1. Defining a contact as two alpha carbons under 8 Å apart and six or more residues distant in sequence, what relative contact order in percent does the range 302-404 show?
2. Got a sec? How would Met375, Met129 order by Cβ neighbour count within 10 Å, fewest to most?
3. Through the Karplus equation 6.51 cos²θ - 1.76 cosθ + 1.60, θ set to phi - 60°, convert the phi angles of the range 164-177 into ³J(HN,Hα) values in whole Hz; use x for Gly and Pro.
4. Among Ile235, Val99, Ala137, whose Cα projects farthest towards the positive end of the dipole of the chain, with charges put on the beta-carbon of Lys, Arg (+1) and Asp, Glu (-1)?
5. Sorting His394, His103, His198 on the 10 Å Cβ count, fewest up front, what's the list?
6. Give the calculated FRET efficiency between Arg105 and Glu155 to the nearest 0.05, with a Förster radius of 25 Å applied to their Cβ-Cβ distance.
7. Run the reach check for Lys118 against aspartates and glutamates, Cα to Cα strictly under 18 Å, same-chain hits fewer than 8 apart removed. What comes back?
8. Quick query: amide H of Thr58 versus all other amide H atoms, modeled in the peptide plane; which residues come in under 5 Å with a sequence gap of 5 or more or a different chain?
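Here, each number is a calculation from the coordinates, and none is a lab measurement. Small disclaimer: the values here were computed from a predicted structure and weren't measured. Cβ: placed from backbone, ideal geometry, glycine included. Neighbour counts: every protein chain shown.
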Amino acid sequence: MTSRASPLPTPGARPGRALALALVVALAPLPAFGQAGTPRKVLTLDRIVAVVNGEVVTRHDLNQRVRLVSAQLAQQKTPLPAADVLERQVLERVISDRVLLQHARDSGIRIEDGQLEKILARVAADNKMSLPEFRQALERDGLSFARFREDIRDEVTLVRLREREVDSRIVVTEAEIDNFLRTRETQQGAAEELALAHILVRLPEGASPEQIAERRARAEQALLAVRGGADFGQIAASFSDAPDALKGGDMGSRPLDRWPVLFAEASRTLKVGDVSGVLRSPAGFHILRVSARRASSSPVIVQQTRARHILIRINELASENDARNRLSVLRDRIANGASFNELARLHSDDGSAARGGELGWLSPGDTVPEFERAMDALKPGELSPPVRTDFGMHLIQVAERRSEDLTAERQRLLARQTIRARKADEAVQEWVRQLRDRAFVSIRLDEP
């Protein structure tokens, strides 16, 4: 992830002399001499390599990110592209991240310190360490814990942004589920698990015929290199405009029917190690490589949660802080013995208020991601802190959990999740492209 840089004194102002002077500092413009007549070196503390909507990316920012990406590629045993190619790829990723983080900031998305500490503790636990031990391990490897901490904050911010701007707006109809299930019955290999890597040569929004031809030629050049024996991961790191480019293009593994239709159809007949031709989508030109195939073991059992909640909507009469404070008071009252159902009837702005906030048995995917994530973290009987979603602020309590074989319902649930994932993948690519194309970006990598 990127590191933050301070914005210019006047947000949105056109870059000029103030910007040029902001981060480029020299001790002297010409060689100077000390008392002994020894030349003193001119020291450049930092310089600007890009401007993103008035926010600068410095050479120090870029160098840090290049070192991190180089280490990741080496760990994956992916040959590094040429230094200048890798640097430009990393810079483009830094720019895209800055655009998204700026949008998140402008949208009011914040990851509070308390929440961040819990995430860091979980990361440390996943590595079988306490948080102090994890910090020491990072510093032994020459990594700044403060920088790592902010990178994690940025990553979580981007997840929240995607959930709010894309995932929460995906609608799956019953007719789509019916059609999906009918189609799946006639297809062979729909339950197969497929691991893919890809190269994306992105098309800008409203691309001209000349731009389309130039980008297609770049994709064909990448395909020619791969088919000529070049390492796919290295070519992805050199050519791809996708977020996973700096992971060698690895997109992970999922059931065949959970990939976008274009990818599923193009890879259906490919063997492990095979590479597709150049594929065209609204996002640009793709090249796919099948990394692995295996039989999919779809789960038979679905974990369900019976929960209830109190919702305070946010509007011109109630700010987020007002709603949070009201729910905190209600939470204290419930913890001290007050009836959740009764307080829900009196205070909740949701249609479930008449039922005491009862939501019944919920399956994965039945609620928005923020609600489901908070609910899944609770033990039966436990109260959540106030939770923000697009609907407002919630106080959640889990009554009980069960594992259920839903048979026909399960098939529809899995179909809904598959369709939602496929739509989200396609929507995210288009959403990121639009934000990037609308941003003011000035790249100064080649300036002295």
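1. On the way: 186 pairs, mean separation 45.7, N = 103.
The value is 44 percent.
2. Numbers: Met375 20, Met129 15.
The order, fewest Cβ neighbours first, is Met129, Met375.
3. 6, 7, 10, 4, 5, 9, 6, 10, 10, 8, 4, 5, 5, 5
4. Farthest towards the positive pole: Ala137.
5. Values: His394 26, His103 18, His198 22.
Lowest to highest Cβ neighbour count: His103, His198, His394.
6. Values: r = 15 Å, r/R0 = 0.59.
Using R0 = 25 Å, I get an efficiency of 0.95.
7. Counting by Cα, and skipping residues close in sequence, Lys118 has these aspartates and glutamates nearby: Asp126, Glu133, Glu150, Asp151, Asp154, Glu155, Glu370, Glu372, Asp376, Glu382.
8. Long-range HN contacts for Thr58: Val49.
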